[in-house]
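**Student:** I am attaching a structure below and will ask some questions about it afterwards.
The values are calculated or read from the model by the stated rules, or taken from the named source; none is laboratory data. No experiment lies behind these values; they were computed from the predicted model shown. Backbone-built Cβ (ideal geometry, glycine too); neighbour counts: all protein chains shown.
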């Protein structure tokens with residue numbers, strides 16, 4: 001949560017940076033929601049150099065319903081008092097990523113561009129495992145389980161089509177492929193761009 005707050009603060013600071021900087025460079029934040037074999041939310045800080053090269057640091061979180069939760073799992077009274085939400089278990093990947101890319105302007109105005117980006121991420125995988133039925137009568141959960149948590153390195157391919165509609169606001173559409181030795185995420189996301197996005201067009 002602290003990392004998300006830091007990125008959001010940077011997001012608003014960007015708007016007050018000297019306009020001369022944006023003549024050849026761009027500095028902005030993006031936040032996207034992506035749908036695929038996981039649901040993904042991400043926040044990123046982006047830097048574009050000389051309208052040619054991009055650099056991105058960010059955080060993303062991926063969740064999906066647990067693949068191994070037994071079909072007859074019940075949270076007992078917990079499920080009653082939480083309206084069923086106590087029965088939800090998720091597989092989760094948290095990712096801290098660094099990406100570099102090449103910018104291709106798709107029109108003269110510079111308000112449609114292709115950012116061919118890729119890089120690496122430090123990925124933390126958390127999921128419930130080792131489900132075991134509880135014998136006998138119980139008012140609580142009818143299964144016990146362990147929480148497995150481990151980390152790995154991911155390869156990330158994340159090209160984006162960016163639409164900087166104005167100098168400070170735009171939209172991104174971005175397919176993503178994230179691969180590591182344990183999991184693969186594939187999806188497509190959409191979200192806003194806010195900051196210094198492109199030079200002024202007369």
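**Student:** Can you say whether residue 156 is in contact (Cβ under 8 Å) with a residue 12 or more places away in the chain, within 13 Å of the chain's Cα centre (by Cα), within 30 Å of residue 50 (Cβ to Cβ) and surrounded by fewer than 16 Cβ atoms within 10 Å (Cβ to Cβ), as far as the supplied structure shows?
**Tutor:** On the way: in contact (Cβ under 8 Å) with a residue 12 or more places away in the chain: yes; within 13 Å of the chain's Cα centre (by Cα): yes; within 30 Å of residue 50 (Cβ to Cβ): yes; surrounded by fewer than 16 Cβ atoms within 10 Å (Cβ to Cβ): no.
Considered against the rule, which asks whether it is in contact (Cβ under 8 Å) with a residue 12 or more places away in the chain, within 13 Å of the chain's Cα centre (by Cα), within 30 Å of residue 50 (Cβ to Cβ) and surrounded by fewer than 16 Cβ atoms within 10 Å (Cβ to Cβ), residue 156 comes out as no.
**Student:** Can you report the number of residues in region 58-73 which are buried (at least 16 other Cβ atoms within 10 Å of the Cβ) and either at pLDDT below 90 or under 19 Å from residue 116 (Cβ atoms) (or both)?
**Tutor:** Looking only at that region, the number is 5.
**Student:** Residue under question is residue 121, and the condition is that it be in contact with a helix residue (DSSP H, G or I) (Cβ under 7 Å, 6 or more places away or on another chain), modelled with pLDDT of 90 or more and surrounded by 20 or more Cβ atoms within 10 Å (Cβ to Cβ); does it hold? So that I can check it myself, show each step before the final result.
**Tutor:** Working: in contact with a helix residue (DSSP H, G or I) (Cβ under 7 Å, 6 or more places away or on another chain): no; modelled with pLDDT of 90 or more: yes; surrounded by 20 or more Cβ atoms within 10 Å (Cβ to Cβ): yes.
Taking the combined requirement at face value, the residue does not satisfy it.
**Student:** Here is a further query. Go through region 28-51 and report how many residues are in contact (Cβ under 8 Å) with a residue 40 or more places away in the chain, surrounded by fewer than 19 Cβ atoms within 10 Å (Cβ to Cβ) and under 19 Å from residue 194 (Cα atoms).
**Tutor:** Residues that pass the stated criteria total 2.
**Student:** Go through region 103-120 and count every residue that is in a strand (DSSP E or B) and within 15 Å of residue 174 (Cβ to Cβ). I'd like the intermediate steps shown before the answer.
**Tutor:** Restricting attention to region 103-120, the residues satisfying the condition of being in a strand (DSSP E or B) are 103-105, 113-120.
Keeping just the survivors that are within 15 Å of residue 174 (Cβ to Cβ) gives 103-104, 113-119.
Counting residues in region 103-120 that are in a strand (DSSP E or B) and within 15 Å of residue 174 (Cβ to Cβ) gives 9.
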